[in-house]
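Every number in this text was worked out from the coordinates using simple rules, so none of it is lab data. Because the structure is a prediction, the values reported are computed rather than measured. Neighbour counts are summed over all protein chains in view; Cβ atoms, including those assigned to glycine, are modelled from backbone coordinates with ideal geometry.
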Amino acid sequence: MRILLVEDDVDLSRQLKSALSDAGYAVDHAADGEEAHFLGDTEPYDVVVLDLGLPKIDGVSVLERWRRDGKTTPVLILTARGAWSDKVSGFDAGADDYLTKPFHTEELLARLRALLRRSAGIASATLACGGLRLDPRAARASVNGEPLRLTSLEYRLLHYMMMHQGRVISRTELVEHLYDQDFDRDSNTIEVFIGRVRKKIGTDRIETVRGLGYRLTPLTGESEAA
Amino acid sequence: MADGWLFRPGRSLTRRLVWLASAWIALALIVTGAVLTYQFQESALRRLGNVLAETIDEAVIATTVMPDGTVQTTPILDARTLRLLSGKYWAVAEPDGNGGLRTLIRSASLGNESLAVPRDLPAQLAGAAGINITYNSVGPNDEPLRVAASLKTLPGRSAPIVFLAGIDRSDIDADARQFATLAWVTLGLLGIGLLIAVFLQVRIGLRPLYDLRDEISNVRKGKAARIERTYPAEISPLAAQVNRLLDHNQDVVERQRTHVGNLAHALKTPLSVMLAEASGDPSQLAEIVRRQSDVMKGQVDHHLRRARAAARSQGLGERTPVPEVLDEMSVMLERVFQSKPVEIDWRAPDALGFLGERQDLQEILGNLMENACKWCARKVRVSAGASGLGQMIVVVEDDGPGLAADRYDEVMKRGARADEDTPGSGLGLAIVDDLTRAYGGRLTLGPSDLGGLKAILSLPAAEV
């Protein structure tokens, strides 16, 4: 497994490098944002450990650039700033997990194992509907290249609709695919989630067919080649 | 003296302005009333004086001096002077040498009575021959009289003769009284009208001040972030200063946060180094370093929280949309706990807002929801809604093993115990409880019907 370690503190880098090597990873190290961006862009890493406070380019910007270029490599953020607002901005940039400093090395190794296990899922084809894309392997979706922020229920709803795009899907059908049998299913649930997904992907992409259900279609003018 | 109470700081401006205006209005109206009634009475008396002068003239013309020096007066052709006690009288008299007057001839209306004469009249007459002197008196019928007297010297007689004429003035007095009543009532009404006008003017004039007060109160309650309205030139500097003060507050809060964040960054990386260096080393020294680093980490977190809590109380008027924060937290935590996987179902009305800073709501919900994700089997449910009276309720539940009721207090204990803050141990509810209390809210725990723990938060709410 190849891993990219991005950390500017000399001592911490040395320690992490040896701990990661001991755990069986092939470790590349970058000490600033520029080097990190270059390495991540050119080498096929399995996972990245990214410190947020970096010289030259900060960690969040590096991550944003990778994601914009379509890199889906799982990224674990290391940050001294433990506030949730910092974590949120990291995740908005495309992080997969975070670890707040100071941390135990064992914790880091456990998190990395979990990340790798997750991304090793069976690859399946990316779904597209106009400018809307959904990558089931990375569980990510985007509109016109902009990553979407979806909760798992919203993602599941969108996934199901993209698999059946162009067809009218009834509410009952959607509820059945959204929830397990034992979870609450009041009648408003689907409307709530359709509303939220519409807010995120654009209102016109999901059409309400009165009395029948909903239908996902590309926007008029959006070609299938988009 | 007026400054003593009227202008004491703290007195109502409205009261001050209305008092000043009423004092001025009352003074002006009283003077006006006095002048008007005086003028009316004066002109009435002047008219009476003219009538009396005419009567005296007629009496003079009707008077002849006999060769023996006595005088005779033929009755004047005026019906009123012929009828007994008619209210119009005349008389001819001469000084009696003792400072009084002796009546020589009287009008038929007088009968046997005389016109009363003030004691100093003969002296006055002597000093002003030929000029009418008028005075008030009482008539033979006890009616109020206006009397005119004049000292004349007639040809053929060396001793002067006094002609007197009197007329009932009760009509005039009644007129004057009626006029005075009318005048005072009218002026009084005018005064009341003016006072109402002044009061309205003051209220309308001070309206912007009341508006400003309401806006500031809204900022304090968090319904508004700044003073938005345009104010008259006199108080717009005040509004601008209030806004500047709000900005300044915001700046201070931000600066404090930044300092605190920098401190965290500065301390935490060295701590990471120490922890990493000690990990995997079985020596006693490494064990001590590990343990003490954990203690230091706990201390750093604890004091950062305190500093943040102190900065927080300054945050005025911030409003944070709850659905946005729930959404970003859900997306993030589901990703973090993807290997489980965890499914977060959150519900909140679109317009629900938290009356406080976004970072704080993120901290509160982040910790509670992360906790639920950590302990749940699969599902986390979050429902938020307004509960009236400017409050909202957020319920975070999971379907995990839950917690025995006798441990609720223990996990919410305020302040940080170092071992609570090591990764993976402790529930991290102390920080949630601290923050919630800082906002005057409450955190309570209970069992969820999903099977796990249910955390119920009450927090200040505002519409967004």
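A few points about this structure:
- Between helix A:152-163 and chain A: long-axis angle, C-alpha atoms, 0 to 90°, nearest 10: 60
- Taking a point 7 Å out from the Cα of B:L104 in the direction of its Cβ, the residues of the stretch B:136-163 whose backbone N falls within less than 12 Å of it are B:152-163.
- Zone of B:L182's modelled label, taken as backbone nitrogen in the stretch B:24-64 under 20 Å from a point 7 Å along Cα→Cβ: B:29-48
- Between B:Q299 and B:T70, the simple label model (points 7 Å from Cα in the Cβ direction) yields a spacing of 13.9 nm.
- For chain B, the equivalent ellipsoid built from the Cα gyration tensor has semi-axes of 111, 22, 16 Å, listed from largest to smallest.
- Local net charge near A:P74, Cβ-Cβ under 9 Å (Lys/Arg +1, Asp/Glu -1): -2
- Between helix A:189-201 and chain A: long-axis angle, C-alpha atoms, 0 to 90°, nearest 10: 60
- Simple point charges give the picture: +1 on the Cβ of Lys and Arg, -1 on the Cβ of Asp and Glu, and for the protein assembly as shown a dipole about the Cα centre of about 1460 debye.
- Pairwise label distance in nanometres, B:H248 with A:M1, each label 7 Å out on the Cα-Cβ vector: 5.5
- Multiplying the residue separation of B:A79 and B:V51 by 0.36 nm and removing their Cα-Cα distance gives an extension gain of 8.6 nm.
- Cα gyration tensor shape for the protein assembly as shown, rounded if a/c is under 1.5, else prolate or oblate: prolate
- Overall shape: rounded for the stretch A:2-119, with the ratio a/c of the largest to smallest alpha carbon gyration tensor axis below 1.5.
- Kyte-Doolittle mean at least 0.0 and Cα axial length at least 24 Å: DSSP H helices in chain B: B:13-61, B:170-221
- Radius of gyration over Kirkwood radius for chain A, both on Cα atoms: the Rg/Rh ratio is 1.04.
- Calculated FRET efficiency, A:T208 to A:R137, Cβ-Cβ distance, R0 = 41 Å: about 0.85 to the nearest 0.05.
- Extension gain, B:A26 to B:E234, is 71.9 nm, computed as 0.36 nm per intervening residue step minus the present C-alpha separation.
- Within-9-Å neighbourhood charge of B:R335 [Cβ basis; K, R +1; D, E -1]: -3
- Averaged over peptide A:140-151, the number of partner chain Cβ atoms lying within 10 Å of each residue's Cβ comes to 2.
- Measuring against 20 Å, Cα to Cα, the residue pairs A:K17/A:K101; B:K340/B:K374; A:K87/B:K374; A:K87/B:K379 contain A:K87/B:K379 as the ones spanning a longer distance.
- Checking every one of the GluC sites (Glu not before Pro) in the stretch B:210-246 against DSSP loop status and a limit of 11 other Cβ atoms within 10 Å picks out B:E228, B:E234.
- Sequence-separation-based contact order of the stretch B:320-463, relative, with Cα cut under 8 Å and 6+ spacing, percent: 26
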